[in-house]
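Following: one structure in structure tokens, then a few remarks.
The values are calculated or read from the model by the stated rules, or taken from the named source; none is laboratory data. Values in this document were obtained by computation on a predicted structure and should not be read as measured data. Neighbour counts run over all protein chains shown; Cβ positions are idealised from the backbone, glycine included. Side chains included, ligands, DNA and RNA excluded: accessible areas come from the protein's heavy atoms. Shrake-Rupley method; radii C 1.70, N 1.55, O 1.52, S 1.80 Å.
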Amino acid sequence: MQRLYDFIRRHPTGVDTFWAVVLFGFSLLWVGGGAPAGTAVAGYLGVAVLYSLVIALRRRAPEKMLVLAVVLGLVQLAFGIVPFMADFAMLVIIYTVAAHDGPRWASRLALAGGLAAATLSQLRWPLEGSRSSAATVFFTVIMTVPFALAWVLGDSLRTRRAYFAQLEERASRLEKEREAQAKVAVAAERARIARELHDVVAHNVSVMVVQADGAAYVMDSSPETAKQALETIAGTGRQALAEMRRLLGILRTGEHQEAGEYVPQPDVQQIEDLVEQVRGAGLAVDFKIEGTPRPLPSGVELTAYRIVQEALTNSRKHGGPDVGASVRLVYFDDGLGLLVEDDGRGAPQEMYEDGGADGRGHGLIGMRERVGMVGGTLDAGPRPGGGFRISALLPLKPAH
């Protein structure tokens with residue numbers, strides 16, 4: 001049975017042609033046995049053929065077939081061709097046009113023609129043997145009802161089809177929006193992980209490089225100093241590996257459990273340890289805290305730590321020899337202020353003019369992205385008198 005339904009849906013014109021042949025056959029039977037005496041049979045046959053054509057092509061050209069049906073009805077009125085079996089095509093074409101998502105004039109014409117058909121028929125061929133006007137009106141109303149029902153049924157089907165099409169289009173649009181949002185979320189997560197990896201690798205590897213160069217320089221003259229530098233390198237490497245395991249744990253479920261250790265995200269309290277590590281690498285850093293320290297949102301604390309880490313890394317990379325730096329943390333009532341300065345040569349001009357990319361890294365770009373995520377502000381540029389300065393204000397609540 002399902003195959004039959006599928007065949008009917010795939011061949012609508014063939015099905016309509018079949019019913020057109022059936023209608024023409026019944027029309028021939030009526031003409032052969034019930035046609036009024038003295039009527040030209042050729043006229044009935046011609047009308048039957050054209051009405052059968054209306055049925056056969058109703059879905060391929062509904063508006064044209066409607067116009068043809070209207071013309072045939074007028075021809076019947078003009079030449080006195082009494083309504084017969086072929087006129088059933090009028091009901092079918094009215095339903096088809098009302099159900100078709102075509103021009104509205106065709107649907108209105110179908111409704112108007114259907115409502116007027118019975119009345120015009122009664123005026124042209126009054127009921128025989130009845131002089132009662134009430135009976136004539138009643139019969140006319142009864143004959144009008146099928147035409148009205150055909151139009152209502154077709155229009156309801158068109159409305160329902162349009163409603164389901166709208167639901168499908170909305171569902172498709174929502175699916176596309178969900179896919180777009182998922183892609184945006186994935187891109188944002190990748191950018192966040194990239195920033196974390198940049199901060200971890202850039203800072204710790206810079207410390208290790210500085211310590212390795214120092215150890216090589218004093219290896220012969222001061223073995224003890226070289227030994228301390230190598231210990232610092234080992235500790236920094238272990239710290240970098242621990243942080244990288246934490247980041248990789250984000251990408252693989254349960255990675256940190258498998259690794260056997262869990263490292264919390266850095267916070268403001270660890271900035272002092274960071275400064276001590278940088279001092280051990282040979283960079284003189286003056287560190288001060290102003291205001292009353294208090295717990296901050298985790299996002300703000302991580303952002304503050306990464307800004308200080310990246311700023312001190314840039315001071316080592318671009319400050320030149322004998323560079324000194326200072327770090328200030330200021331606790332306000334509604335946020336946290338950061339000021340990191342150095343008195344070295346400063347970063348290359350293009351690094352801050354191009355938004356933070358110097359062709360080798362994206363440190364300042366990452367800072368701006370981090371600050372923007374918590375609704376803060378960042379100012380980075382040359383420092384009066386030489387050197388570089390980074391100033392940030394991180395609010396306790398993200399901006400809406």
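Brief remarks follow.
- Residue pairs meeting the criteria (Cβ under 8 Å; at least 6 apart or on separate chains; first of a type outside the set (D, E, K, R), in segment 146-173; second not in a helix (DSSP H, G or I)): G154/H100; A162/D101
- G102 vs. criteria out of contact with any Cys (no Cβ under 7 Å at 6 or more places or on another chain), within 17 Å of A112 (Cβ to Cβ), modelled with pLDDT under 95 and surrounded by 14 or more Cβ atoms within 10 Å (Cβ to Cβ): yes
- Count - residues of segment 359-385 that are part of a loop (DSSP other than H, G, I, E, B), in contact with a Ser or Thr (Cβ under 8 Å, 6 or more places away or on another chain) and either exposed (fewer than 14 other Cβ atoms within 10 Å of the Cβ) or modelled with pLDDT under 80 (or both): 0
- Pairs, first touching a residue at least 12 places away in the same chain (Cβ under 8 Å) and at positive phi in segment 282-298, second of a type outside the set (A, V, I, L, M, F, W, C) and part of a strand (DSSP E or B), C-beta under 7 Å, six or more apart: G291/Y331
Here is a yes/no grid of residues against (1) surrounded by 15 or more Cβ atoms within 10 Å (Cβ to Cβ); (2) assigned to a helix (DSSP H, G or I); (3) of a type in the set (G, A, S):
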{"site": "G43", "(1), (2), (3)": "yes, yes, yes"}
{"site": "V47", "(1), (2), (3)": "yes, yes, no"}
{"site": "Y51", "(1), (2), (3)": "yes, yes, no"}
{"site": "I55", "(1), (2), (3)": "yes, yes, no"}
{"site": "K64", "(1), (2), (3)": "no, yes, no"}
{"site": "A78", "(1), (2), (3)": "no, yes, yes"}
{"site": "A86", "(1), (2), (3)": "yes, yes, yes"}
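- Residue that is most open to solvent (accessible area, probe 1.4 Å) [pool: residues in segment 116-145 that are within 30 Å of D101 (Cβ to Cβ) and without any contact (Cβ under 8 Å) to a residue 24 or more places away in the chain]: V145
- Residue match in segment 105-113 (condition: modelled with pLDDT under 95, closer than 18 Å to V21 by Cβ and assigned to a helix (DSSP H, G or I)): no
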